[in-house]
Amino acid sequence: MGLDTKREDEPQPVTETAPSSGKVFISYRRRETAGHAGRLYDRLAEHFGDERVFMDLRMEPGVDFVEQIDEAVTHCDALLSLIGSQWL
């Protein structure tokens, strides 16, 4: 009998690495969920890399807003939409 004290029902640590491709788009309304969106962006960018998470605050001044949003949504693999209590 070994000295292994791990039980099968105990949660195991997550050791997976971020995938090497895929992009995430964060959709939110500043008036209601800007703080939550910012924290979500920080965590996702930390895990997946800043270049793979899109949030409108990263847009360069002078670019066509609608065109850049359309491009980002078209090429994302996951779109997260934060909906606040005033959304409807």
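For the range 44-55, does any single residue satisfy the condition of being within 11 Å of S27 (Cβ to Cβ), without any contact (Cβ under 8 Å) to a residue 40 or more places away in the chain, in a helix (DSSP H, G or I) and of a type outside the set (S, T, Y)?
Filtering the range 44-55 down to residues within 11 Å of S27 (Cβ to Cβ) leaves 54-55.
Narrowing further to those that are without any contact (Cβ under 8 Å) to a residue 40 or more places away in the chain: 54-55.
Imposing the further condition that a residue be in a helix (DSSP H, G or I) reduces the set to none.
Looking through the range 44-55, none of the residues is within 11 Å of S27 (Cβ to Cβ), without any contact (Cβ under 8 Å) to a residue 40 or more places away in the chain, in a helix (DSSP H, G or I) and of a type outside the set (S, T, Y).
When the range 24-38 is filtered for residues that are of a type in the set (S, T, Y) and either loosely packed, with under 14 Cβ neighbours inside 10 Å or not in a loop (DSSP other than H, G, I, E, B) (or both), the ones remaining, listed by number, are S27, T33. Listed by first and then second residue, the pairs with beta-carbon distance under 8 Å, at least 6 apart or on different chains, first residue in the range 16-40 and at pLDDT 90 or above, second among the acidic types (D, E), are K23/D77; V24/D77. Scanning the range 59-70 for residues that are open to solvent by less than 100 Å² (accessible area, probe 1.4 Å) and not small (G, A, S) turns up M59, V63, D64, Q68, I69, D70. For residues that are surrounded by 13 or more Cβ atoms within 10 Å (Cβ to Cβ) and of a type in the set (D, E), tally how many sit in the range 39-49. Looking only at that region, the number is 1. The residues of the range 35-80 that are hydroxyl-bearing (S, T, Y) and within 10 Å of the chain's Cα centre (by Cα) amount to a single one, Y41.
The values are calculated or read from the model by the stated rules, or taken from the named source; none is laboratory data. These numbers come from a predicted model, not from an experiment. Using ideal geometry, Cβ is built from the backbone for each residue, glycine included, and neighbour counts are taken over all protein chains shown. In case anyone asks, the SASA skips ligands and DNA or RNA and just uses the protein heavy atoms, side chains included. Shrake-Rupley method; radii C 1.70, N 1.55, O 1.52, S 1.80 Å.
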